[in-house]
Amino acid sequence: MKLYDLELSGNCYKVRLLAALAGIDLEIVPVDFLDGAHKRAPVIDLNPFGELPVLEDGDVVLRDSQAILVYLGRKYAGNQWWPDGAAQQGEVMQWLATAANEIFNGPNAARLVDKFGYALNKERTIEVSNHILPLVEQHLQNNEWLALGRPTIADLAVFPYIALGWEGGVTLEQYPAIQAWIGRIKELPGYTGMPAI
Ligand SMILES: N[C@@H](CCC(=O)N[C@@H](CS)C(=O)NCC(=O)O)C(=O)O
């Protein structure tokens, strides 16, 4: 099973992290992102959106880190990381949506501006971050994990760009419960990091 990967991408890291924690074998295929290799064949043929990560598992080809977490969790990790029940899936899913919306447009986008020079509205990235981080903090003041009272792919989807936000000027001093949660994630057996986390 191949993961078309960029080491500095938090979206790719989510997938590498689940694989490490759940003992899933991944062949990492590094993509020369700076040279635009994700916009050319063969990667663009696998993902016409021109984005990483992309997972190739035999005939199954998937884009989007959240979708890949669901697939790997369901297919290769029992129901520990992605649960079976409808209510439980909904509970996890609401955080996957948060990862793809507020976290993507907040801390992730702030980092894209500062670290990679993307021409995005930096002020807006800070506004979005200042909206979502207090909500995550409030949730984690009363819960050890984002969903189901245990580590799930909800945590793996939301955590990377919150932890990387400092590279975009989004720091966590005001958020002790988030800091403690990041500490708990780092203690999970099999945990692996990425540059800047
Ligand atoms: N919703 C996608 C977003 C993926 C995404 O934005 N990936 C970035 C790298 S982290 C990318 O490939 N961007 C394309 C570009 O900037 O040219 C996911 O969660 O995987």
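The values are calculated or read from the model by the stated rules, or taken from the named source; none is laboratory data. All values reported here derive from a predicted model rather than from experimental measurement. Quick reminder, even Gly has a Cβ in these numbers, built from the backbone with ideal geometry, and neighbours come from all protein chains shown. All accessible areas refer to the heavy atoms of the entire protein, side chains included, with ligands and DNA or RNA removed. Shrake-Rupley method; radii C 1.70, N 1.55, O 1.52, S 1.80 Å.
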(request) Just tell me which lysines come within less than 17 Å, Cα to Cα, of K75; anything on the same chain fewer than 8 places away is out. (result) K2, K14
(request) Would you kindly state how much longer the chain becomes between A119 and D59 on full extension, computed as 0.36 nm times their sequence separation minus their alpha carbon distance, in nm to one decimal? (result) 18.0 nm
(request) Within 10 Å, count the other beta carbons around each residue, average over each peptide in 67-74, 38-45, 140-147, 91-98, and list them highest first. (result) 67-74, 91-98, 140-147, 38-45
(message) Accessible area of region 1-41 with a 1.4 Å probe: how many percent of it is carbon plus sulfur?
(response) 50
(request) Compute the FRET efficiency between Q94 and E127 as 1/(1 + (r/R0)^6), taking r as their Cβ-Cβ distance and R0 = 30 Å, and round to the nearest 0.05. (result) 0.90
(request) Just the number, please: carbon plus sulfur as a percent of the accessible area of region 86-186, 1.4 Å probe, no ligands or DNA/RNA counted. (result) 50
(message) Could you report region 2-77's accessible area per residue, 1.4 Å probe, as an integer in Å²?
(response) 48
(request) Please say if the chain is rounded, prolate or oblate, where rounded means a/c under 1.5 for a ≥ b ≥ c the square roots of the C-alpha gyration tensor eigenvalues, and otherwise the choice is prolate for a/b larger than b/c and oblate otherwise? (result) oblate
(message) If I model a spin label at L8 and E173 as a point 7 Å from the Cα along the Cα→Cβ vector, what separation in nanometres do I get?
(response) 2.6
(request) Please list 100-109, 81-90, 8-17, 164-173 highest first by mean number of surrounding beta-carbon atoms within 10 Å per residue. (result) 8-17, 100-109, 164-173, 81-90
(request) May I ask you to list the aspartates and glutamates whose Cα is less than 16 Å away from that of K122, ignoring any residue fewer than eight positions away on the same chain? (result) E102, D114, E167
(message) Let me check against my output: what whole-number percent is the relative contact order of region 86-186, with C-alpha pairs under 8 Å and at least 6 apart?
(response) 38
(message) Looking at the chain as a GNM with Cα springs under 10 Å, which of D35, D59, D25 has the largest mean-square fluctuation?
(response) D59
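Once you have a ≥ b ≥ c as the square roots of the Cα gyration tensor eigenvalues for region 86-186, tell me rounded if a/c is under 1.5, and otherwise prolate or oblate according to whether a/b is larger than b/c.
prolate
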(message) Per DSSP helix of 4 or more residues, -39500 (n - 2.57); summed, then divided by the residues of the chain. What does that give at 222 nm, rounded to the nearest 500?
(response) -14500 deg cm²/dmol
(request) Check every DSSP H run in the chain and write down those whose alpha carbon atoms cover 24 angstrom or more along the long axis and whose mean Kyte-Doolittle hydropathy is -1.0 or greater. (result) 122-142
(message) So if I take the centroid of the Cα atoms in region 108-123 and the same for region 53-103, what is the distance between those two points in Å?
(response) 26
